[in-house]
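All remarks here apply to the structure that follows.
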């Protein structure tokens, strides 16, 4: 008979990491067998090919469209496929291993645990999307802030993220929320946002035709719904339920503004690192175009944040993330239910995390509900 001690020892962080790695390896092999890897990277290669032939990458209607601003097109135009592939792959692989090597124990644990959660981090990394690189740089910048109390690397990372994909601009809010010296952070915020605005103004004025093509392409793919709308609350309300655009945006923003204000109000009672990562999680999930890589690294940060609580809470959360989510995924796929898709599973983890945090710091009295 299996004793309670053996069962208890089975559900320890070390064993859960091993289980997560096994699930991650299975998902990795599965993606390779299906041939579903580096498809986003191929978008960049196709764009280079089109640009080399003096074509317009925005005019090619494909399943994975080219949705990057013209300033990125200019950079791709200066390269060729072979050189770009070599440099990009070296940077991509190096940044993953480098960030893991220099990270502290909690960062390593969160990354390893995240590999097994619905396989979404594995799928994200295998897309080859440049956003994965930037999210690893975000991890590095947070690690740098822990050590030096300096957000400069974070600002620089978010700036270049926003040059490539404007919706990342929301991440600029993290330093001003975290830092007690609001004036200093506000000045930095104005400088970086003003510089970003100038980049887009420059494109509008001096790359007008390409810039308008870029905007129209974004509108088209959002309109026809070929997979680029994202998986946010806004998308669910506006596209799935058919609510008015402004009502959907208002509800979406109100939910996250409420959560942000509650956490800010309780910041003195919350572990500083938990508070920082929780705010970052909310800023990631507030993105109206919440994509695969956002959700994947959102889960990484969820798994990181929970590690600053007590061991029992950590174990319960990781068991939920790995075992319960795996169970939901396996059961729902036999009944063709969208409730089991990776994006929905990520939202379950998101809700469970904030339930734990709110209960832990008595932000909400769930015992009365029970």
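Look at segment 206-217: where a residue is more than 13 Å from residue 73 (Cβ to Cβ) and a partner is surrounded by 13 or more Cβ atoms within 10 Å (Cβ to Cβ), sitting 6+ places away or on another chain with Cβ atoms under 8 Å, you get 216/58. Is it the case that residue 155 is assigned to a helix (DSSP H, G or I) and without any contact (Cβ under 8 Å) to a residue 40 or more places away in the chain? Spelling it out, residue 155 is indeed assigned to a helix (DSSP H, G or I) and without any contact (Cβ under 8 Å) to a residue 40 or more places away in the chain. Could you say whether any residue in segment 285-294 is farther than 24 Å from residue 160 by Cα, surrounded by 15 or more Cβ atoms within 10 Å (Cβ to Cβ), modelled with pLDDT of 95 or more and under 19 Å from the mean Cα position of the chain (by Cα)? No: zero hits.
Which residue out of 32, 45 is within 18 Å of residue 164 (Cα to Cα) and either in contact (Cβ under 8 Å) with a residue 60 or more places away in the chain or not in a loop (DSSP other than H, G, I, E, B) (or both)? From the options 32, 45, the qualifying one is 45.
Total residues in segment 48-60 satisfying the condition of being free of Cβ contacts under 8 Å to residues at least 60 places away in the same chain and assigned to a loop (DSSP other than H, G, I, E, B): the figure is 4.
Annotation note: of 264, 270, 281, the sole residue that is within 17 Å of residue 142 (Cβ to Cβ), in contact (Cβ under 8 Å) with a residue 24 or more places away in the chain and more than 20 Å from the chain's Cα centre (by Cα) is 270.
Only residues that are assigned to a loop (DSSP other than H, G, I, E, B) and closer than 20 Å to residue 39 by Cβ were counted in segment 61-81, giving 9. Against the numbered list (1) out of contact with any helix residue (DSSP H, G or I) (no Cβ under 6 Å at 6 or more places or on another chain); (2) modelled with pLDDT under 95, residue 233 comes up short only at (1). For segment 1-18, the candidate set comprises residues that are out of contact with any helix residue (DSSP H, G or I) (no Cβ under 6 Å at 6 or more places or on another chain), in a helix (DSSP H, G or I) and modelled with pLDDT of 75 or more; within that set, the residue that is surrounded by the fewest Cβ atoms within 10 Å (Cβ to Cβ) is 14.
Among the residues of segment 82-95, are any on the phi < 0 side of the Ramachandran plot and not in a helix (DSSP H, G or I)?
First pass over segment 82-95, keeping only residues on the phi < 0 side of the Ramachandran plot: 82-95.
Pick out the ones that are also not in a helix (DSSP H, G or I) and you get none.
Among the residues of segment 82-95, not one is on the phi < 0 side of the Ramachandran plot and not in a helix (DSSP H, G or I), which makes the answer no.
No other residue among 113, 170 is within 30 Å of residue 345 (Cβ to Cβ) and more than 15 Å from the chain's Cα centre (by Cα) apart from 113.
The values are calculated or read from the model by the stated rules, or taken from the named source; none is laboratory data. In this text, all values refer to a predicted model and were calculated from it rather than measured experimentally. Counting neighbours? That spans all protein chains shown, and the Cβs are built from the backbone with ideal geometry, glycine included.
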